[in-house]
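Please treat every number below as a calculation from the coordinates, not as lab data. The shown structure was predicted, so the numbers you read here are calculated from the model rather than taken from an experiment. Because the Cβ atoms are built from the backbone with ideal geometry, glycine has one as well, and the counts that use them run over all protein chains shown.
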Amino acid sequence: MSPVAERLREFRAAVGLTQREVASLCGLGKRTIIYWEMGEREIKCTKLVPLSEEYDLDFNWLILGKGSMFNEMADPAVVEHEEQDDEIEDTSQPIVEPVDQQWVDTSQPFQKEQEDVLPLIQRLRRK
């Protein structure tokens, strides 16, 4: 078995995929994956691009055995949090104007429902 075939099998085991699932994701037959892992056929790396996209598989690791199995990426939650810190503004002033009674149409049959909703809208706008 070739080193690439071994790493393909190792990747598959690490993410918990069956040969059938890998084949389906890559648009191949299950037998192709079996032959690849047994070293009976040459692995066509271009066919593994969907794996790289779906699981962030690092091709340097798969082909050359260098680096880690998965691409190193920044945690999006941390990046978003840092960007949001720059956008924080002074909140001492109200963000929206207070809601007044103008929107309540007393001529309609839903007057009671509208009056019940007004305090809820005012609370939500304060948040």
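Would you pick out the residues in the stretch 1-39 that are among the charged types (D, E, K, R) and closer than 24 Å to Lys66 by Cα?
Selection gives Glu6, Arg7, Arg9, Glu10, Arg12, Glu37.
What pairs come up if the first residue lies in the stretch 40-63 and is acidic (Asp, Glu), the second is outside any helix (DSSP H, G or I) and exposed (fewer than 15 other Cβ atoms within 10 Å of the Cβ), and their beta carbons are under 6 Å apart, counting only those six or more places apart or on different chains?
Asp56/Asn71; Asp58/Gly67; Asp58/Asn71
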